[in-house]
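J.: Sending over a structure as structure tokens; questions will come in a sec.
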Amino acid sequence: MDKEKSILGNIFHKNGRALGSMGYFILLMLVFLIGAPEAWMRPNLHQSVFVMLPTLIFLVIPLVFLVASGEIDLSFASTYAVAAYVFAIMVKVGIDPAIAILAGILTGAIIGALVGALIVVFRLSSLVASLGVLFLLRGVILLLTESRSITIMEVDTHWTYSVLVGNFYGFPMQIFWAALFVIYCYYLFSKHVFGIHIHHVGDNSVSAEQMGINVKAVKIKAFMFVGIGAAIGGIFTTLITYTFFPTQGFGYLLLALAAVFVGGTPYWGGLGTIVGAVFGVGIIAYMEIGIIAIGWSGTWRQFFNGLIILLALLGHRLHGERVR
Amino acid sequence: MEKIIELKNVTKKFGGITALKKASLYVEQGEVVGLIGDNGAGKSTLIKTLVGVYGPDEGEIIIRGKKVLNWTALKARESGIETVFQDRALCPQQSIVWNIFMGKELTYPFGFVKEKEQINEANRLIREIGFTSKLIDAESPVGNLSGGERQGVAIARAIYNNAELIILDEPTNALSLNETQKVFEFVNNVKKSNRSVLFIGHNIYHVYDISDRFVILDRGEVVHQLDKNDISTPEELMKIMRDTIKKH
């Protein structure tokens, strides 16, 4: 009996944060289902979630890696737009969209690496430095585009469109790619040397360094990964809407961060959960759309976002204190 | 006897403070060297320079007769030098198995970790050392362990790789008598297998019992070296240490 108890306890201990986020997600779904069953059963409500959800997944999952490594990044919300801009402008001048996508992702990786190097090499606060980069890059975009959008209807007939964001028997392809990304990241985070070193670096960077882990390299790679995720998110959104607009991504800044923490990844580093983050994204995405679906005014949205963040934090606090 | 590692005239500065001043030290195959000195003598700095955590400002590091450049913690581990640091160098939120294999994970191609193999090895190691209670398995977080058990994890990590030289920085600090005894047993076992130990401590009695040779460090300088054969009691060692430090 004791043994059984300890096995159950162990499972709860290891997955408590992910289970907690799952609980919140189910609870939220029940509230909406009971509050507005008719609206909830309409497929087009879920379809609009499916536009937002994959984009958030690409932003949030890499942020889990970065937060677990003990750092934070805000600049991703602008990297998102820069990468999408590079993609859109290349398509506009007639370059093959497939190449434009790769160029956009590369842009994200380079920006991430530069932000990471800036923070790690000069030992800057990642919160403040990435805040600076956030504004700086957004400024660059506004200057370059003169605040004008770019429409790229030409991608509609290209194979990349149908493969990445097309409709497969009513199933939006971006959901498939986001799911694949989640599975890959799950293994990367908990079963790959990169993810394991992220945990060590975020937990105790001095110990990690003494054991021969290149702490700076691990952190820069984590920033790079965030840049890549942001770029993919930006490009997907641009493809789905056929439009690049210069303020793109800004609205995701706080939502993505909220999803990381609601998802059960603590801010102090060394811990994180990919599965939890997926539920965090689900909570945030459904909250955004669900409030309106149940017939409330959109002005309630922020209030409920705030409420759920606080409730989630309290819930995760009950689950576990930090061990030292 | 072959010298496994040798430091020659190593200087290390932190800002305006000289932590090591032309310090030289070597460890031969199969011997236990005791490094002694007061608090703040530079023992930990010397160790961290030796194992590549700090880069020296001046001086040479020689591994098995070959001078090495850009000495790093990873290179030290790859050349068969393992260290049990004073702070144990553990990550408390991570499992015992992740801590034991930290920085030297067993992997398949492309960097995915051999989970089962690591867990089996970790369980074997913690049983072998006998530091941990039976209730604890390799997947429990290190943060739940006692001080002695944490030291056991740090030692398990050092022995896993069959290191040629094991460096123990104040390994008996804050341990119970029973646990201290286990550390001594461990050092003797390493010695029996013709491998080497560098033992750092400020408890002269602990260092005396276990070492073949003593190196005395004071204010960043190696001030004296002597063989155990030259003296007969720990009190004698204590007196020599006090006298040399006073003169220095």
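J.: State which residue is nearest to the other protein chains (Cβ to nearest Cβ) when the search covers only segment B:82-116 and only residues that are aromatic (Phe, Trp, Tyr) and in a helix (DSSP H, G or I). Full working, then the answer.
T.: From segment B:82-116, those aromatic (Phe, Trp, Tyr) are B:85, B:98, B:101, B:108, B:110, B:112; that's our starting set.
Keeping just the survivors that are in a helix (DSSP H, G or I) gives B:98, B:110.
Working: B:Trp98: 6, B:Phe110: 8 Å.
Going through the qualifying residues, I end up with B:Trp98.
J.: Sort out which residues of segment A:258-273 are under 20 Å from A:Asn305 (Cβ atoms), open to solvent by 20 Å² or more (accessible area, probe 1.4 Å) and of a type in the set (A, V, I, L, M, F, W, C), and write them in order of number. Before the answer, list the steps.
T.: As a first pass, look at segment A:258-273 and keep what is under 20 Å from A:Asn305 (Cβ atoms): A:258-267.
Filter once more, so that each one left must be open to solvent by 20 Å² or more (accessible area, probe 1.4 Å): A:261, A:267.
Of everything in segment A:258-273, just one residue is under 20 Å from A:Asn305 (Cβ atoms), open to solvent by 20 Å² or more (accessible area, probe 1.4 Å) and of a type in the set (A, V, I, L, M, F, W, C), namely A:Phe261.
J.: Which condition breaks for A:Ile291 when tested against (1) among the aliphatic types (A, V, I, L, M); (2) within 14 Å of chain B (Cβ to nearest Cβ); (3) over 18 Å from the mean Cα position of the chain (by Cα)?
T.: (2)
J.: Take segment A:208-254 and flag every residue that is crowded, with 24+ Cβ neighbours inside 10 Å, of a type in the set (Gly, Ala, Ser) and modelled with pLDDT of 95 or more.
T.: A:Ala208, A:Ala222, A:Gly227, A:Gly229, A:Ala230, A:Ala231, A:Gly233, A:Gly234
J.: Moving to a separate point now. With (1) more than 14 Å from every other protein chain (Cβ to nearest Cβ); (2) modelled with pLDDT of 80 or more as the list, and A:Ala39 as the residue in question, which single condition is left unmet?
T.: (2)
J.: Working only within segment A:173-196, note down all residues that are within 14 Å of chain B (Cβ to nearest Cβ), open to solvent by less than 70 Å² (accessible area, probe 1.4 Å) and within 16 Å of the chain's Cα centre (by Cα).
T.: Here is the first cut: in segment A:173-196, the residues within 14 Å of chain B (Cβ to nearest Cβ) are A:183-196.
Filter once more, so that each one left must be open to solvent by less than 70 Å² (accessible area, probe 1.4 Å): A:185, A:188-196.
Across segment A:173-196, the qualifying residues are A:Cys185, A:Leu188, A:Phe189.
J.: What about B:Asp212, is it touching a residue at least 60 places away in the same chain (Cβ under 8 Å), of a type in the set (D, E, K, R) and crowded, with 21+ Cβ neighbours inside 10 Å?
T.: On the way: touching a residue at least 60 places away in the same chain (Cβ under 8 Å): yes; of a type in the set (D, E, K, R): yes; crowded, with 21+ Cβ neighbours inside 10 Å: no.
In short, no.
J.: Could you grab me the full set of residues in segment A:82-102 that are buried (at least 18 other Cβ atoms within 10 Å of the Cβ) and of a type in the set (Gly, Ala, Ser)? Outline the logic, then answer.
T.: Initially, segment A:82-102 is screened for residues buried (at least 18 other Cβ atoms within 10 Å of the Cβ), giving A:82-91, A:97, A:100-101.
Listed by number, the residues that qualify are A:Ala83, A:Ala84, A:Ala88, A:Ala100.
J.: If you don't mind, there's one more thing I want to ask. Within segment B:47-57, does at least one residue satisfy the condition of being over 30 Å from A:Val193 (Cα atoms) and open to solvent by 10 Å² or more (accessible area, probe 1.4 Å)?
T.: Of segment B:47-57, the ones over 30 Å from A:Val193 (Cα atoms) are B:57.
Cutting the leftovers down to open to solvent by 10 Å² or more (accessible area, probe 1.4 Å) gives us B:57.
Yes, segment B:47-57 has at least one match.
J.: Identify, by number, the condition in (1) open to solvent by 20 Å² or more (accessible area, probe 1.4 Å); (2) at positive phi; (3) at pLDDT 90 or above that B:Glu170 doesn't meet.
T.: (1)
J.: Could you look through segment A:51-81, keep only residues that are open to solvent by 10 Å² or more (accessible area, probe 1.4 Å) and in a helix (DSSP H, G or I), and pick out the one that is modelled with the highest pLDDT? Before you say what the answer is, go through the steps one by one.
T.: Of the residues in segment A:51-81, the ones open to solvent by 10 Å² or more (accessible area, probe 1.4 Å) are A:51-53, A:70-72, A:74.
The next check asks that each one be in a helix (DSSP H, G or I); those that pass are A:51-53.
Values: A:Val51: 79, A:Met52: 84, A:Leu53: 92.
The qualifying residue modelled with the highest pLDDT is A:Leu53.
J.: Tell me the helices (runs of 4 or more DSSP H) entirely within segment A:86-194 that contain at least 2 residues that are β-branched (Val, Ile, Thr) and under 30 Å from A:Lys219 (Cβ atoms).
T.: Numbers: elements: A:97-121, A:126-145, A:159-165, A:173-191.
Hits in segment A:86-194: A:97-121, A:126-145, A:173-191.
J.: Still on this structure, please answer the following. Condition first: in contact with a Phe, Trp or Tyr (Cβ under 7 Å, 6 or more places away or on another chain), more than 13 Å from A:Ala77 (Cβ to Cβ) and polar (S, T, N, Q). Can you find one or more residues in segment A:244-267 that meet it?
T.: Within segment A:244-267, not a single residue is in contact with a Phe, Trp or Tyr (Cβ under 7 Å, 6 or more places away or on another chain), more than 13 Å from A:Ala77 (Cβ to Cβ) and polar (S, T, N, Q).
J.: Given the condition more than 14 Å from chain B (Cβ to nearest Cβ) and touching a strand residue (DSSP E or B) at 6+ places or on another chain (Cβ under 7 Å), answer yes or no: does some residue in segment A:224-242 qualify?
T.: So the first thing to find is which residues in segment A:224-242 are more than 14 Å from chain B (Cβ to nearest Cβ), and the list is A:224-242.
In the following step, the residues that additionally are touching a strand residue (DSSP E or B) at 6+ places or on another chain (Cβ under 7 Å) were identified as A:238, A:242.
Yes, there is a match, as at least one residue in segment A:224-242 is more than 14 Å from chain B (Cβ to nearest Cβ) and touching a strand residue (DSSP E or B) at 6+ places or on another chain (Cβ under 7 Å).
J.: Another question, if that's okay. Within segment A:300-317, track down each residue that is surrounded by fewer than 15 Cβ atoms within 10 Å (Cβ to Cβ) and either among the hydroxyl-bearing types (Ser, Thr, Tyr) or without any contact (Cβ under 8 Å) to a residue 24 or more places away in the chain (or both).
T.: A:Trp300, A:Gln302, A:Phe303, A:Gly306, A:Leu307, A:Leu310, A:Leu314, A:Arg317
J.: Just to be sure I understand, how many residues within segment B:93-143 are over 27 Å from A:Arg17 (Cα atoms) and aliphatic (A, V, I, L, M)?
T.: Matching residues across segment B:93-143 total 4.
J.: If you scan segment B:25-38, which residues turn out to be open to solvent by 10 Å² or more (accessible area, probe 1.4 Å) and either within 24 Å of B:Val190 (Cα to Cα) or within 14 Å of chain A (Cβ to nearest Cβ) (or both)?
T.: Correct list: B:Tyr26, B:Glu28, B:Gln29, B:Gly30, B:Glu31.
J.: Given the conditions (1) open to solvent by 40 Å² or more (accessible area, probe 1.4 Å); (2) within 11 Å of another protein chain (Cβ to nearest Cβ), which single one is not true for B:Asn120?
T.: (2)
J.: Of the numbered conditions (1) away from chain A (no Cβ under 14 Å); (2) open to solvent by less than 10 Å² (accessible area, probe 1.4 Å); (3) in a loop (DSSP other than H, G, I, E, B); (4) free of Cβ contacts under 8 Å to residues at least 60 places away in the same chain, B:Ala41 satisfies every one except a single condition; which is it?
T.: (4)
J.: For segment B:151-248, list the strands (runs of 3 or more DSSP E) that sit wholly inside it and hold at least 1 residues that are of a type in the set (A, V, I, L, M) and over 17 Å from the mean Cα position of the chain (by Cα); which are they? Break it down into steps so the answer makes sense when it comes.
T.: On the way: elements: B:165-169, B:196-200, B:213-218, B:221-227.
Filter on segment B:151-248 gives B:221-227.
J.: Only one of these is free of Cβ contacts under 8 Å to residues at least 40 places away in the same chain, closer than 16 Å to A:Leu53 by Cβ and of a type in the set (A, V, I, L, M, F, W, C): A:Ile183, A:Ile196, A:Ile232, A:Ile274. Name it. Let's see the steps before the verdict.
T.: Details: A:Ile196 fails: closer than 16 Å to A:Leu53 by Cβ; A:Ile232 fails: free of Cβ contacts under 8 Å to residues at least 40 places away in the same chain; A:Ile274 fails: free of Cβ contacts under 8 Å to residues at least 40 places away in the same chain.
So the residue among A:Ile183, A:Ile196, A:Ile232, A:Ile274 that is free of Cβ contacts under 8 Å to residues at least 40 places away in the same chain, closer than 16 Å to A:Leu53 by Cβ and of a type in the set (A, V, I, L, M, F, W, C) is A:Ile183.
J.: Considering each residue of segment A:197-207, count those that are among the β-branched types (Val, Ile, Thr) and surrounded by 24 or more Cβ atoms within 10 Å (Cβ to Cβ), and give that number. If you could, list the steps in order and put the result at the bottom.
T.: Initially, segment A:197-207 is screened for residues among the β-branched types (Val, Ile, Thr), giving A:198, A:201, A:206.
With the extra rule that they be surrounded by 24 or more Cβ atoms within 10 Å (Cβ to Cβ), the set shrinks to A:198, A:201.
The qualifying residues number 2.
J.: Then there's this: Among the residues of segment B:59-71, is any touching a helix residue (DSSP H, G or I) at 6+ places or on another chain (Cβ under 7 Å) and either within 8 Å of chain A (Cβ to nearest Cβ) or not hydrophobic (A, V, I, L, M, F, W, C) (or both)?
T.: No; the residues of segment B:59-71 include none that is touching a helix residue (DSSP H, G or I) at 6+ places or on another chain (Cβ under 7 Å) and either within 8 Å of chain A (Cβ to nearest Cβ) or not hydrophobic (A, V, I, L, M, F, W, C) (or both).
The values are calculated or read from the model by the stated rules, or taken from the named source; none is laboratory data. Treat the numbers as computed from the prediction; the structure is a model and nothing was measured. Positions of Cβ are generated from backbone atoms using ideal geometry, with glycine treated the same way; all protein chains shown enter the neighbour counts. For accessibility, only protein heavy atoms count, side chains too; no ligands or nucleic acids. Shrake-Rupley method; radii C 1.70, N 1.55, O 1.52, S 1.80 Å.
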